[in-house]
Amino acid sequence: MDTIHTILKEMRAVCTHVDKNEYDSFVALLKSDARFFFNGEGRSGLVAKAIAMRLMHSGKTVYVLGETTTPAIQENDILIVLSGSAKTGQTISFSENAFRAGAKVFLITTNKEAVHKPCFTGGMQIPAATKYRHSGEPNTIQPLGNQFDQAAHLILDAAIIDSLSERNSNEEMVKKHTNLE
């Protein structure tokens, strides 16, 4: 049980140190009447899929890059990219291509400098530890990028909740949940 308490303490420290303006700009982006695309590699990709699913439940049109039914990204679409390092080759390539197509590209990362790359039209830095354990990153008992991925899940889920209107009640979201069980 001590491990759980330590992880919860870490999550509180990381999640409460996200820049309010960056968070608010992400919430505003989620309110857009646009198609949303999500990308991430590894565990960050799994978090991206979980967040994409929840955004779909809220009534948005949502796609995940790499799925066979994902259409071409277009002008005014929104690509949300999760990458702890913001250095993953494929992720950067997708971001640059989406930007060239006229899409808005929003980066969720630990890398504050990467948010300012020309292909990103916005971003949010999550001050979490990465697998590289760079100086200045918080301490963690967790391996690899766990701290970033867990914090991203919590923060992005909270942002979706903050972006919802009254019409997005739990009952309305349940109607969009799978019913083929």
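Bear in mind these aren't lab numbers, they're just calculated from the coordinates by the rules spelled out. Note that the structure is a prediction, hence the values are computed from the model and not measured. Here the Cβ is made from the backbone with ideal geometry for all residues, glycine too, and neighbour counts use every protein chain on show.
I'm told Ala103 meets every condition in (1) without any contact (Cβ under 8 Å) to a residue 40 or more places away in the chain; (2) closer than 26 Å to Leu164 by Cα except one. Can you identify the failing condition by its number?
(1)
Of all the residues that make up the range 56-92, how many are among the charged types (D, E, K, R) and more than 16 Å from the chain's Cα centre (by Cα)?
Total satisfying the criteria: 2.
From the set of residues in the range 92-108 that are out of contact with any strand residue (DSSP E or B) (no Cβ under 6 Å at 6 or more places or on another chain) and not small (Gly, Ala, Ser), which is surrounded by the most Cβ atoms within 10 Å (Cβ to Cβ)?
Ranking the candidates gives Ile92 first.
Anything in the range 1-16 that is more than 21 Å from the chain's Cα centre (by Cα) and aliphatic (A, V, I, L, M)? List them, or say none. Can you show your working first?
Going residue by residue through the range 1-16, those that are more than 21 Å from the chain's Cα centre (by Cα) are 1-6, 9.
Met1, Ile4 - these are the residues of the range 1-16 that are more than 21 Å from the chain's Cα centre (by Cα) and aliphatic (A, V, I, L, M).
State all residues of the range 39-73 that are among the basic types (Lys, Arg) and either surrounded by fewer than 19 Cβ atoms within 10 Å (Cβ to Cβ) or closer than 20 Å to Lys131 by Cβ (or both); if no residue qualifies, say none.
Scanning the range 39-73 gives Arg43, Lys49, Arg54.
How many residues does the range 119-148 hold that are of a type in the set (D, E, K, R) and touching a Leu at 6+ places or on another chain (Cβ under 8 Å)?
1
Quick one: in the range 135-152, which of the residues that are of a type in the set (A, V, I, L, M) and over 16 Å from His5 (Cα atoms) is nearest to the chain's Cα centre (by Cα)? Walk me through it before giving the result.
Of the range 135-152, the ones of a type in the set (A, V, I, L, M) are 141, 144, 151-152.
Filter once more, so that each one left must be over 16 Å from His5 (Cα atoms): 144, 152.
Values: Leu144: 18, Ala152: 6 Å.
Residue satisfying both the conditions and the ranking: Ala152.
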